[in-house]
Amino acid sequence: MRSTFMGLETNKRGLYTQQSALYTTGHNINNANTLGYSRQRVNMETTPGFPGVGLNAGTMPGHLGTGVQASSIQRIRDGFVDQQFRGESTKLGYWESRSNAIGQMEDVLAEPSAYGLQKSLSDFWVSLQTLAANPENGGAREVVLQQGSAVADSFNYMHKSLKEIQTNLGQEIGVSAKDINSILEQIGDLNRQISEVEPNGYMPNDLYDRRDMLLDKLATYVPIETTYVKSGGNSLAIAEGSVTVRIKTNGEPITVLEGKEYSKIAVNGENAEGNPTGPMTGFNFVGGPASGQGLTVGNMQVAGKMKSLVNSYGYENGTVGGKGLYPDMIKELNKMAKEFAEEFNIVQEGGTDLDGAKGDPFFGPSTGVEITAETIKVIITDARKIAASDSPVGSAEVGNAKNAQKLSEIQFKAMAGLGNATIQSYFSGVVGKLGVEGEQAKKLAFNSATLLGAVSNRRDSISSVSLDEEMTDMIRFQQAYNASARMITVIDETLDKIINGMGRAGM
């Protein structure tokens, strides 16, 4: 026999359930502009019908329903779309960093420009041609010294600037390693909190959101893959559990976080600040599941901001100074400075100065014994020492400017060390190649940003809060709440008739 008050209990559950749905709708509305928030919904299910199953259960026609209950509050999220988002974030992190590094290099080389190396060389050749026309003119000779110093200064400036940017890239590698460690630590702490909440039968949706935001950020640095481990206890079937994070490599992935335990990533050969001190060889892991393991540069996938920074800063490949965007450009500048200075000195030393003496080297190193873009300088201090003449030693010919003409014609000299190119055409080729790489990096960064935007829009269409939809839900749940309340009123009136309106027979 059913209870007289069964209807009250049934509709009381309805009140509570619709009230929970209204509160959840309000939570969604309040977080409509919260970064990383995923909308939530109440999963409603019917409660067990009457009578229940068992030998002692009552018998009656039919099977009466007993109402509704909120089984869980779940956030709306698509794990597959999350994986796509993180994959595109990794690509964008690589190409954005690559584009920025090339952009800074282009700013240093400044070509075409009124102040770059090409302009300095052009002015230098003009000054030599002027000297060839007026070899005995002291002013023309001083201009040659000044313009030669300007060429050396251009090499010096480019080398110094590139080395400074390279150092900054090394510092950025150290900072990125610290960011990765901080993210892993935070995810580990969230795993701990989640594993404490889930076994009690609750869904810590806001903790899930915070963890996913950190995973999204981590994916910009390195390519990752994630798996989840259930918390056990009374955890709901839809509870996510603790996340395990692995860094994808060209070989086996490296597990860097399990539960609350994580491994710190450190630069091989780092200094006290955690920055690389020379060409990168890779990273090592300290503590946690990856303790004692290493990640070499060659084993890093070509993806993520960290890989891009390493490629730009420079990595060990058995050559002096390493290989990479900035080491390669510095080597090119050193080669150009050396070939240019040696070729010029050969012609200079083959002539005679105003005093009839054999020409001294025009360019030399400021330090050490090798001419590089860093060390090149004009070592002649007396303008009379410029060997403008090709007259025999000891017989100065003031008007002889044949060697000055030869010096000016070096601009057309095909240099074997530069692939039989002139100094300026070779530099133009280097700058042109850099420009092509820069355009490619920009284009791929744009494409990656476009794809990431498309995936982000798809994810937002699933997880973000729509105020129109929430307003509709609010009205729907409010009406359901009102209907349950009205049913309670009807049942109350029915019970009042039974209890207070029915008399006693025979009285």
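The values are calculated or read from the model by the stated rules, or taken from the named source; none is laboratory data. As the structure is a prediction and not an experimental result, all values here were calculated from the model. Cβ: placed from backbone, ideal geometry, glycine included. Neighbour counts: every protein chain shown. When the accessible area is computed, the model is the full protein with side chains, heavy atoms only, and any ligands, DNA or RNA have been set aside. Shrake-Rupley method; radii C 1.70, N 1.55, O 1.52, S 1.80 Å.
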* Asked: Hey, got the dipole for region 354-504? About the Cα centre, +1 on K and R Cβ, -1 on D and E Cβ, debye to the nearest 20?
  -> 300
* **Sequence-distant residues sharing a close amide H with A421 (under 5 Å, placed H)** => M415
* Select from Y262, L190, Q19 the residue farthest towards the positive end of the dipole of the chain; place +1 on Cβ of Lys and Arg, -1 on Cβ of Asp and Glu, and compute about the Cα centre. => Q19
* Positive dipole terminus of the chain, leading residue within Q478, N403, G49 (C-beta point charges) -> G49
* Structure fact -> Ordering D107, D212 by the accessible surface of their heavy atoms, 1.4 Å probe, largest first, yields D107, D212
* Structure fact -> Once amide hydrogens are built 1.01 Å from N within the peptide plane, the residues lying 5 or more places from T296 or on another chain with amide H under 5 Å from its amide H are F283
* Return the Rg/Rh value of region 121-221, two decimal places, where both radii are evaluated on C-alpha atoms and Rh is the Kirkwood radius. => 1.61
* Please give the residues of region 359-377, grouped as numeric ranges, whose backbone N is less than 19 Å from a label point set 7 Å along the Cα-to-Cβ vector of A416. => 371
* Structure fact -> The extension gain from N30 to T472, computed as 0.36 nm times the residue separation minus the Cα-Cα distance, is 157.6 nm
* Let me have the 222 nm mean residue ellipticity of the chain computed from DSSP H runs of 4+ only, each contributing -39500 (n - 2.57), with the sum over all residues rounded to the nearest 500. => -18500 deg cm²/dmol
* To do: Using +1 at the Cβ of each Lys and Arg and -1 at the Cβ of each Asp and Glu in the chain, identify which of V243, T352, I165 lies farthest towards the dipole's positive end.
  => V243
* Asked: For region 58-109, which whole percent of the accessible surface, found with a 1.4 angstrom probe, sits on carbon and sulfur atoms?
  -> 50
* Structure fact -> Rounded to the nearest 0.05, FRET efficiency between D107 and D153 (Cβ-Cβ, R0 22 Å) equals 0.80
* **3J(HN,Hα) from dihedral phi, region 159-170, Karplus parametrisation 6.51/-1.76/1.60, rounded to Hz, x for glycine, proline** => 5, 4, 5, 5, 5, 5, 5, 4, 4, 5, 5, x
* In Å², what does the accessible area per residue of the chain work out to with a 1.4 Å probe? -> 50
* Rounded to the nearest 10 Å², the accessible area of S71 at probe 1.4 Å -> 50
* To do: Using θ = phi - 60° and the Karplus relation 6.51 cos²θ - 1.76 cosθ + 1.60, list the HN-Hα couplings for region 80-90 in order, rounded to whole Hz, with x at every Gly or Pro.
  => 5, 5, 4, 4, 4, 4, 5, x, 5, 4, 4
* Asked: Short version: what are the Cα gyration tensor semi-axes of the chain, square root of 5 times each eigenvalue, largest first, in whole Å?
  -> 82, 23, 14
* **Potential lengthening between S428 and T227 on full extension [0.36 nm per residue; Cα-Cα distance subtracted]** => 67.3 nm
* Structure fact -> Two pseudo-spin positions, 7 Å from Cα along C-beta at V286 and at R192, lie apart in nanometres by 1.9
* With every protein chain kept in the model, how would you rank D382, D209 by accessible area, 1.4 Å probe, largest at the top? -> D382, D209
* Carbon + sulfur, % of accessible area of region 226-278 - ligands and nucleic acids excluded, 1.4 Å -> 46
* Quote the charge dipole size of region 1-150 about the Cα centre in Debye, to the nearest 20; the model charges only the Cβ of Lys and Arg (+1) and of Asp and Glu (-1). => 1260
* Structure fact -> Measure of exposure for Y315: accessible area at 1.4 Å probe, Å² rounded to 10, is 60
* Structure fact -> The correct ranking of R86, R486 by accessible area at 1.4 Å, largest first, is R486, R86
* To do: Run the 1.4 Å probe and let me know the accessible area of T167, rounded to the nearest 10 Å².
  => 80
* Structure fact -> Note on the chain: contact order normalised by length, alpha-carbon pairs under 8 Å, 6 or more apart, percent, works out to 20
* Asked: Given R₀ = 60 Å, FRET efficiency for I346-F446 by Cβ-Cβ distance, to 0.05?
  -> 0.80
* Structure fact -> Placing each pseudo-label 7 Å from Cα in the direction of the beta carbon, Q405 and K358 end up separated by a distance in nanometres of 2.5
* Asked: Using the Karplus equation 6.51 cos²θ - 1.76 cosθ + 1.60 (θ = phi - 60°), what ³J(HN,Hα) coupling, rounded to whole Hz, does each residue of region 4-17 give in order, writing x for Gly and Pro?
  -> 4, 9, 4, x, 5, 5, 4, 7, 5, 4, x, 4, 5, 5
* About the Cα centre, charge dipole magnitude for the chain (Lys/Arg +1, Asp/Glu -1 at Cβ), debye -> 1720
* Structure fact -> 1/(1 + (r/R0)^6) with r = Cβ-Cβ of T46 and I238, R0 = 25 Å, i.e. FRET efficiency to nearest 0.05, evaluates to 0.90
* Compute the distance in nm between two label points, each set 7 Å from the Cα along the Cα-to-Cβ direction, one at S122 and one at K497. => 10.3
* Once amide H atoms are placed 1.01 Å from N in the peptide plane, what residues at a sequence separation of 5 or more from T249, or on another chain, have their amide H within under 5 Å of its amide H? -> I254
* Asked: On the accessible surface of region 118-196, probed at 1.4 Å, how many percent belong to carbon and sulfur atoms?
  -> 46
